[in-house]
1. For segment 115-268, just the Cα set please: Rg and Dmax, both in angstrom.
2. Work out the P(r) tail for segment 31-143: percent of alpha carbon pairs separated by more than 16 Å, whole number.
3. Work out the length of the dipole vector of segment 51-170 about its Cα centre, built from +1 on the beta-carbon of each Lys and Arg and -1 on the beta-carbon of each Asp and Glu, and round it to the nearest 20 debye.
4. Near the amide H of Y270, under 5 Å away, which other amide H atoms are found, from residues 5 or more places off or on another chain, if H is placed in the peptide plane?
5. When N counts the residues of segment 207-286, how does its alpha-carbon radius of gyration compare numerically with 2.2 N^0.38 Å, as a ratio?
6. Could you report the chain's accessible area per residue, 1.4 Å probe, as an integer in Å²?
7. So what J values fall out for segment 234-251 if you push phi through Karplus, 6.51 cos²θ - 1.76 cosθ + 1.60 with θ = phi - 60°, rounded to Hz, Gly and Pro as x?
8. Quick one: how many Å² of W216 are accessible to a 1.4 Å probe, rounded to 10?
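The values are calculated or read from the model by the stated rules, or taken from the named source; none is laboratory data. Values in this document were obtained by computation on a predicted structure and should not be read as measured data. Here the Cβ positions follow ideal geometry from the backbone for every residue, glycine too, while neighbour counts run over all protein chains shown. Areas reflect the complete protein model, heavy atoms only, side chains present, ligands, DNA and RNA absent. Shrake-Rupley method; radii C 1.70, N 1.55, O 1.52, S 1.80 Å.
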Amino acid sequence: MSAVARLIKTKANLCCAYCAKTSFNVLAEASLRFASLGSGSSGNATLVAWQDTAILIDCGFSAKEALARMARLGFDSAKLKAIFVTHEHGDHSKGVAPLARKLNIPVYMSAGTEAAMDFGRLPVLHRIQADERVDIDGLEVLPVTVAHDAREPLQYVMTYQSLRLGVLTDLGSLTPAVYKAYDALHGLLLEANHDLRMLAYGPYPPSLQERVRAPWGHLNNQQCAQLLRETDLSQLQHLVIGHISRKNNHLDCVKEAVAAEVAELPSVRYACQDEGVPWLELRTAP
């Protein structure tokens, strides 16, 4: 081999090594962000952002209020690519259609959710079902079936590269499907809706109390702790506990119920109705 050929081969090998190293660094620096615009019986919405784009899970606020809350987080709504709807209840769906029309973005929901509520004209509607993965610009969205008193409710687990984020509210039972989907996450927004004693002695009539604590209702504080106790939290970077009832729960009750389960976690936040939770970032290990 001539000296020139050897020089060309050496440069090629160095170039390949550099490209491999660069590719590794890009993967190592991957991040997935999420923020709550507000969480509770008066409105729910969660932003999930990666690279230079984002999706919104639910919009239980008016379009005007949702946009104001996005602006408060420093988020440019022009980057929003889609809205994913969990179910038809107003605290999750109120602003879905107006916001989708205003931003001219598609909406993803189950056929049951579509049938249960008149959303009017939508720019684009995608009907989805449990376990049918959806790709949005490199973000994989997995719909998960849950037990809730709605027509065909879904919750969602998002994966970007190796990062996994789960949003899990509005369910009354911890089913095998939930345990399977929400194991070994890097980020989680989880419901702790009510304290059983406060619900029993609170302002709700017996019929509404039964609906809330039923297997198709909402997770209580002990169920929230149970899921945390029985899933792998070794990779969890951020936990947000939300959908906390103002009338049937108290932050002190929630903290007491989950104290043992969250003691070793690096970040635990509690989402409220008015403020939500600011941006939290998930990162791959270097």
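1. Cα only, segment 115-268: 16.4, 48 Å (Rg, Dmax).
2. Details: 3458 of 6328 pairs.
Across segment 31-143, Cα pairs with separations above 16 Å total 55 percent.
3. Working: 13 positive and 16 negative charges, 98 e Å.
Rounded to the nearest 20 debye, it is 460 debye.
4. Sorted by chain and number, the residues that satisfy this are I241.
5. Numbers: Rg = 14.1 Å, N = 80, 2.2 N^0.38 = 11.6 Å.
Taking N as the residue count of segment 207-286, the ratio is 1.21.
6. Details: 13390 Å² over 286 residues.
For the chain, the per-residue accessible area is 47 Å².
7. Values per residue, Gly and Pro as x: 5, 9, 5, 9, 9, 10, 10, 9, x, 6, 7, 5, 6, 9, 10, 7, 8, 4 Hz.
8. We get 150 Å² for W216.
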